Amino acid sequence: MAPIRLEDTKESAGCLSSIFSSCSRPQQTQEFNEKFMYSAIEPMEQLPAYQDITKGMKKLDLKVDNEIEHVIDNAINQISAELRTISVDLHENMETGMKEVHAHAVLTDFLEKNGFKVTRHAYGMKTAFTAEYSRGHGRRVGVCAEYDGLPGLGQGCGHNLIAISGLATAMGIKAALESGKASGKVVLFGTPAEELSIGKIVLVEKRAFQDNVDVCLMLHPAAYDHQYAALIAINDVHVEFFGKPSHASAAPWEGVNALDALVQVWNGISMMRQQLLPTDRVHGIVTDGGQAPNIIPAHTSAFFFIRTTKANQAGRLQKKLEACFEAAALATGCEVKYTWREIGITKDVVQNQVMADTYAAHMEKYGISFPPEDVQMRAGGGSTDMGNVSYEMPCIHPMYGIHTTASNHTIEFTAAAKTMPAHKDTIQASKCLAATGVEVLLNEAYYNSVQKNFKDNLVAADV
Ligand SMILES: [Zn+2]
């Protein structure tokens, strides 16, 4: 995923930041709002009152003490050098989504060697896996690892680091279980093809998370530290226009121009943008613009992504796009066919402030500081298939800084993801994520708060 850092754009001439951060809804009457359906749309200003939740969080009696932290930290320190080797290997031998055969082998071998019960090629996906370890009865903590890269960019999103953060976190929780201080289970999910937004959606469909764990945790490297993940919903659509070929100079009037239809779509979407919410996104590419300049194009196609802050708003934007497609077909006399993504929408991430703040509290011990919630929630823009998991159970997806100012999905970020400082940052964040997972295992009252927070936020997400 590629988060957009709005606060980083403050200095730029376009000042995206000012559009987002100072945008306030006009004072309108209730009647006006209902008429124009503003009530059905929830802009960023109306996010839940996080401060109220974090205040409550401070009253929680946390059970992970220095002794347990020491067990976790020790276990992770012991494997740090080996994890570094794996991380560099996955960086140098990058594989794209659903083709992560080498990563699958390296990660599952490590887990098996370290006492996990491993299922390779899990849930019908060649490069998915699960690895579990349990001791006694108790709650079950899930951890996600990702390992796919980006064509042309290598590990431009740092998924080599996410892979080893999954190993480290699972090993840290396992050590706490082995120490006898906690009981329950840890399950590491190897989730392929995050960049294609496929892996976790398939796993959710097959109830891999729902039937096996009570919460799910993962980390993502970035240029900054945020304990919340302002990651938004995404869907995609392929559109095709079918016209009639003709000699473009000798008899153009005998043709039906499919490229004209595509240009109409582009113009329609461009004009529509002015009336979209500032948080909506539509972006696309032309995948077929015709065959030759001297033939009226008989077939054209394009591929678009649409994004909204919440999954339940996607339908609103989808209808608008479909209207642009139909209008272009009508205006040009072309036939139109559009196909929304078969696997379904990638949902936004439902936050869990209780676990996110626990992670942040551990990170603060290392001197890491976090911006206020409202700043974090305005900094979103990317998407992840972890969103679909977060609608099923309490999840967190903190972003941690890896000593770079580069955005994800850049050549500079690819380079940063291979450095030693990035490795150390990953080890540090994994210790804090593992401590959060162990809190879930140890502390019933805490777990109840996690669940209550999840249910409250799920209701807010569905409004
Ligand atoms: Zn990513």
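Structure data summary
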| quantity | calculated |
| --- | --- |
| For region 227-270 versus region 72-120, the gap between their alpha-carbon centres in whole angstrom | 43 |
| Within region 120-196, trypsin sites (Lys or Arg not before Pro) in DSSP loop having at most 15 other beta-carbon neighbours inside 10 Å | LYS126 |
| Anchor LYS424: aspartates and glutamates whose Cα lies under 16 Å away (excluding residues fewer than 8 positions away in-chain) | ASP73, GLU82, ASP225, GLU364 |
| Angle in degrees between helix 314-332 and the longest Cα principal axis of the chain, rounded to the nearest 10 | 20 |
| Ranked ASP260, ASP374, ASP348, criterion: other C-beta atoms within 10 Å, fewest first | ASP374, ASP260, ASP348 |
| Principal axis dimensions, largest first and in whole angstrom, of the chain by Cα | 83, 55, 42 |
| Neighbour-count ranking [beta-carbon atoms within 10 angstrom, fewest first] of HIS362, HIS299 | HIS299, HIS362 |
| In degrees, nearest ten, helix 353-364 long axis to first principal axis of the chain (Cα) | 60 |
| Computed P(r) (all Cα pairs; region 233-340; 5 Å bins; percent) | 3, 13, 23, 22, 16, 10, 7, 4, 2, 1, 0 |
| Degrees between helix 66-92 axis and first principal axis of the chain (Cα, 0 to 90, nearest 10) | 40 |
| The chain - share of DSSP beta bridges that are antiparallel (%, nearest 5) | 75 |
| Order of GLU82, GLU342 under a 10 Å beta carbon neighbour criterion, fewest first | GLU342, GLU82 |
| At most 14 other Cβ within 10 Å, DSSP loop - chymotrypsin sites (Phe, Trp or Tyr not before Pro), region 345-447 | TYR366 |
| For region 385-444, radius of gyration divided by Kirkwood radius, i.e. Rg to Rh on alpha-carbons | 1.07 |
| Computed E for ASN66/THR96 - FRET, C-beta separation, R0 56 angstrom, nearest 0.05 | 0.85 |
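Since every read-out is calculated from the coordinates, none of them should be taken as a lab result. Just so it is clear, the structure is predicted and the values come from calculations on it, not from any experiment. Positions of Cβ are generated from backbone atoms using ideal geometry, with glycine treated the same way; all protein chains shown enter the neighbour counts.
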